[in-house]
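The structure appears right after this line, and notes come after that.
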Amino acid sequence: MGLWKYILKRLIFALVTYFVAVTLVFFIYHVMQGDPTYIYSGNVHIDEDIPDSTRERWGLDEPLWKQYFIFLRNLLQGDLGYSFFKGKPVMEVIGETLPWTLLLLGSAFIINGILGILLGSLVAWRRGSKVDATFVLTYNVYNAFPLFFVGMLFIALFGYYFYIWDFPIYFPLLGAQNPLSYRFTFIQQVGDVLWHLAMPLTVLVISGVLGWSWFMRGNLINVKTEDYIQTARAKGLSENQILFKHGFRNALLPVITSIGMSVGGLIGGSVLIESVFNYPGTGLLLLNALLENDYNLVQGAFIIIAGLTLLGLLIAEILYGFIDPRVRNA
Amino acid sequence: MTYTDITKKHEKKKRFSKPREKVNLFITKIRATLLLIFWEKTGLKKAINWLKIWFKKVLDKIYQLYLYLFKINSFVFVLRILTVLFWLAAVSMLLLDTITVALPIYTDSLGTDEVLIKALLWVIFDLLAAATVLYVIVAIFVEEERSRLPTIAIVQIFLILAGLLLGLPNSEDSVYVGFALLFNFITIVFAYFSFVALDDQVKSLTQFRKSSKVFFRNRMGKIGLVILVVLVTLAALGPSITRYEADDMDLANIHEGPSDIHILGTDKFGHDTWTVLLDSLGISLLVGVVAGSLCVLLGTTIGVTSAYIGGWVDTILMRFADIVLVMPPLPLMFLLASLPFLLGTIHWSMIAIIYVIVFWPVSAKLIRGQALSLKQRTFIHSAKASGASNRYVIFSHLLPNVFPLMLTMIITSMRQAILYEAFLAYLGLGDPLNNSLGLMLQAAQNQFALASGYWWLIFPPAIAIALTTLSFAFIGMAFDEIVNPRLRKR
Amino acid sequence: MTLLEIKNLKTYYDTRAGVVKAVDDVSIKLQKGEVIGLAGESGCGKTTTNLSAMRMIQNPGKIVGGEILFDATSLLNGQEIEELEELQLNPRNILNLKEEQMRRIRGNQISMIFQGAMNALNPVHRVGNQVHEVLKIHEPDHDPAEGWERVLDIFETVGIDSSRARDYPHQLSGGMKQRALIAMALISHPEVVIADEPVTALDVIVQAQVLKATKELQKTFNLSMIMITHDLSVISEICETLAIMYAGKIVEYGPLRNVFKESLHPYTKALINAFPSIIGPKKELEDIGGAPPDLRNPPTGCRFHPRCPKVMPICSKKVPINTPVKDGYVACHLYQEDRK
């Protein structure tokens, strides 16, 4: 019973947060910007009538509060407006990029989670050993460099120099798939996508795994000094049993909380990675839209990205409810 | 001579001076009348008396201060002197800012009315911030006020920030504000250690010594500190130790590798990489320090308020923090950076402010947790039970105990701020007018530095970033050991 | 019959600041069905002694000398005993056992009751499961359903309603948590139970209930127990034999009555005088002057001499040996022949 109440509470919180985020984005743009069609008036790519039809659809001549409700209504219908630079509805533009972001983020998320927790447990349980010392050093040195710099190195080495030096394998410089991939067979297409995914994913995963295992390590070190670990030892459990039966689950609790928080960070990382590797995801879309002043697109992309973050957070919180009995019964 | 002899002699004298007595009496009468008229009626007596007492009091205070300063060891004494000096430095920076940047805009009537009003407000806020120094002087002399020193510095920072925000479109050239903020931050740390933590109990002194011992026993902490000191020195000396200015263009040597003329080579405009690097390093460090410390200070203020007041204030503040916290940070920063009124004027201080807006909830939540657990402790209850005011409890018990955690978080936050500044600069959302490490990397990328083999364009800034963040990380880890004894190696 | 014998045990902590001699030359003999109370100030080495007995000393601690004799040969197979004998090691000395062999003893033949007020129960597992876990480890091929029955049984025995076995620790009161910990220690029918401050931090009424339950259980199962506490009233309630520890050494050892009524060592006297007695005549409480010594470099000779009211020149020069008195011993120069 308690669990369902908890889930409902988190769901409501997520929805409220999302609503606030959407409102914030709307007002930031409309208060600061005024008429979004104004700056496109000189753009040759746009059909002359579009601004007018848009004005009507989005009620741009109405007062701001009315515009807000129109915006909400359109949002509920899945309409995020029109991107004048791309010449397509925002939803369509995002729809093209979203699968790539989901692929990159989803696989990074899963690999990070599993490897990070395992590695963190390993180094925490061998605290003070060489493995641990190496890990601490690696973590700090790797994280000292900005993520995009690592990406740049990867591109230069595995993409450019491997190709020049005639290595048996090299990786693509940009993109998510071969432009001619529609001619490939299905297996070839999958291989092509994976080949393009490899480098961005690796960079994202290395930093993610290190970060998560760092966090897991810290938690386990704390948990190891708890009294129930000694109780377990007095029961006659071996160190490995203690780790998995008693230490692990307790150390995992804060990790799971931070999974939710880390989704935001991961998305930030993916934005960087997408822009370094020119990977056509939503993050890159957002950035380009920003630099091109394509406000509707910025707004739409942010709304989608915020939605993704909240979804990740919600999943993490529900997971937390399953693992920690105290939350359920509180 | 016997006793009677003496009395006789005295009587003789008395008798002899009798005629004079009348004169004396007369004079006394006149004097009394005059006094009554000029002295007491005009209030001069009161004034002089008051002055006398006041003078005595001041002397007393000075003497007490003297005793006070030398009772504690010389280290703390030096620290206190430094505190005051830094404070004065911060204030003089603000005055400089006012005189050289803000006031001319107003007096020379540059720009529109709006700009003028903003400039005026900027001047006012700067001066207000500078005026807080008066309070500092009071606080140094009055013991009860002393524990509030760090808080005043925080107020000062907020005032500066308000001034900065108001005068932003004009403040592109004003580095003074940044230095003022930096000095203020140092002052807070120093003031805490020299005035607050050591004020009433020697216990804290030993605590402080113990903490510094833990810090310096940590090899990483030491390494981090050394790296940071070297980097800060280099950045502070800046282009003055190189042969060029940051914007000098040596067009005869474009894309040259490292040589005698250019220690780290040149880019495609002939800029000397070493000079640009030092210039950038300064800006990056400044952004890191300002953004990181402001973020945690704001977080602490909100966290402690929220924890202490509790109830609906707590609920609202924390829900708000949650909402900001769950938004993806980098996209949110994009969003804020793209606000139209900022476009084209992304000054480094704006990046700091954006960072603060996005990341304050992290520290607010952590500090709130700590403050909540402190609130349950006995010493807070006992302070309240003995009639301490809320203000006293917060400033004398809560804040000093939150401080170590705050310091750790400031270090972490600085590291993160430096990285985020680099991210934004790399993605083209930084300050295009000032050099920064991220911008250098972006420029290198645009020149295909790696593929063309211009390694000197890409590795120095990357390594500079790495060293900076690494030093902060190491110092942060050493601080962590102080805060969390479980991490200490026994 | 002597069940557990600790002989000249030495446990040191090798810290950065120096070697802490937490337990220095301690000997205890525990008979079948006997309850020994181990009393002393905080930090005098009580807990370290007992953790050593279970070989649960964590880094940087180390058992550097002595023997712990406990017949656990029934848990070892013939080959393992032969191996030990080949190395000329006594299989009855558990310090000679491998860690894996030691684990078979822990929680099975020697178990420990921890302080329930602390975090001794894992917050994320059900209490019943945590008790059941002991059976799962030590009787791997028992029927789970039957094992659960036993868990419920032992819960009833220690005085918790068996329906609470499916609760999480945070749902239990302090007294119940303590009882659950007792259940955890008793479920495998151990021969020796070590109770580490079992009733500290419980309120007085609950304390009395738990003590009573412990006493009854001890009678029913004929348990041999070592009871660690700094509270002498707890000891007088339940123990038969009393050992007083000071700065890593046992200073006086003997039957409860003797130690209480005719205490010999000045420290014991001081300790007893420092406790109020409700029934007896009102008297001025006396505190022991000074503070416990720094165990990194303890005082030479008798470790109590800096605080001792009856200090003699010899006290700072020579370590007192254990002088046998009625059914026990005392380590004090006052009672030694060669004190002059």
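Observations on the structure shown:
- Kyte-Doolittle mean at least -1.0 and Cα axial length at least 30 Å: DSSP H helices in chain A: A:2-33, A:90-125, A:186-224, A:248-277, A:295-323
- Charge tally for B:A449 (other residues, Cβ to Cβ under 11 Å; Lys, Arg +1; Asp, Glu -1): 0.
- Summary of packing: across the peptides C:314-326, C:183-195, the per-residue average of other C-beta atoms within 10 Å ranks them, highest first, as C:183-195, C:314-326.
- The GNM of chain A, with springs linking C-alpha atoms under 10 angstrom apart, assigns the highest mean-square fluctuation among A:L180, A:L102, A:L311 to A:L180.
- Shielding of peptide A:240-249 by partners, expressed as the average count of other chain Cβ atoms within 10 Å per residue Cβ, is 2.
- Contour minus Cα-Cα distance for A:I169 and A:S181 (0.36 nm per residue): 2.4 nm
- Overall form of the stretch B:212-489: prolate. Here a/c, set by the Cα gyration tensor axes a ≥ b ≥ c, is 1.5 or more, and a/b is the larger of a/b and b/c.
- Cα→Cβ-extended label distance, 7 Å offset, between A:W195 and A:K9, nm: 5.2
- Chain A against chain C buries an accessible area of about 2300 Å², both chains summed, 1.4 Å probe radius.
- Estimated purely from DSSP H runs of n ≥ 4, each contributing -39500 (n - 2.57), the mean residue ellipticity at 222 nm for chain C is -9000 deg cm²/dmol once divided by its residues.
- Relative contact order (percent, whole number), the stretch A:252-330, Cα cutoff 8 Å, 6+ residue spacing: 40
- Percent antiparallel among DSSP beta bridges (both partners in chain C, rounded to 5): 60
- Rounded to the nearest 500, the 222 nm mean residue ellipticity of chain A from helices alone is -24500 deg cm²/dmol, with -39,500 (n - 2.57) taken per DSSP H run of at least 4 residues.
- In sequence order, calculated HN-Hα J values of the stretch B:292-308 (Karplus, 6.51, -1.76, 1.60; Hz; x Gly/Pro): x, 6, 4, 4, 6, 4, 4, x, 5, 4, 5, x, 5, 4, 4, 5, 6
- Distance between the stretch A:110-153 and the stretch C:183-203 - C-alpha centres, whole angstrom: 42
- Pairwise label distance in nanometres, B:D60 with A:I110, each label 7 Å out on the Cα-Cβ vector: 7.8
- With a simple spin-label model that places each label point 7 Å from the Cα along the Cα-to-Cβ direction, the separation between A:K88 and B:S389 comes to 6.5 nm.
- Across peptide A:213-222, the average count of Cβ atoms from other chains found within 10 Å of a residue's Cβ is 1.
- Phi to ³J(HN,Hα) by Karplus 6.51 cos²θ - 1.76 cosθ + 1.60 over the stretch B:216-222, Hz, x for Gly, Pro: 7, 6, 6, 5, 4, x, 5
- Mean separation of Cα contacts under 8 Å (6+ apart) over length of chain C, as relative contact order %: 19
- Shape of chain A, Cα gyration tensor, a/c cut at 1.5: oblate
The values are calculated or read from the model by the stated rules, or taken from the named source; none is laboratory data. What you see is a predicted model; the values in this text were computed from it and never measured. Neighbour counts run over all protein chains shown; Cβ positions are idealised from the backbone, glycine included. Keep in mind that these areas ignore ligands, DNA and RNA; they rest on the heavy atoms of the full protein, side chains included. Shrake-Rupley method; radii C 1.70, N 1.55, O 1.52, S 1.80 Å.
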